[in-house]
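See below for the structure under consideration.
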Amino acid sequence: MSEQVSIYDQIEIEDFTFDEELQTFSYPCPCGDKFQISLGDLEDGENIAVCPSCSLMVEVIFEKEDLQDFIDQVS
């Protein structure tokens, strides 16, 4: 039996904050923490950012081409 994933919202990648040092994207969560997803996860096709403090998840809306600018920043 597969578990149903409940998505809190869909957020465009340009609304996330990118941390070059950690190579992660973050976005404020209603609980006060931040949703997070790594550049590597996005490159691998993952698109669900998870809040470490609560059970909320958001879907990151992006095109593969959108990632190239971020990849260039950390290269």
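The values are calculated or read from the model by the stated rules, or taken from the named source; none is laboratory data. This is a predicted model, so every value here is computed, not measured. Every residue, glycine among them, receives a Cβ derived from its backbone with ideal geometry; neighbour counts consider all protein chains shown.
Quick look at the numbers
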quantity: Residue in region 30-39 that is in a helix (DSSP H, G or I) and within 14 Å of the chain's Cα centre (by Cα) present; calculated: yes
quantity: Pair list, Cβ under 9 Å, 6 or more apart: region 56-75 residue within 11 Å of residue 42 (Cβ to Cβ) and without any contact (Cβ under 8 Å) to a residue 40 or more places away in the chain, other residue exposed (fewer than 11 other Cβ atoms within 10 Å of the Cβ) and of a type outside the set (Asp, Glu); calculated: 64/45
quantity: Options 36, 23, 10: the member that is in contact (Cβ under 8 Å) with a residue 24 or more places away in the chain and under 24 Å from residue 75 (Cβ atoms); calculated: 23
quantity: Residue within region 13-34 that is loosely packed, with under 11 Cβ neighbours inside 10 Å, among the small types (Gly, Ala, Ser) and modelled with pLDDT of 95 or more present; calculated: yes
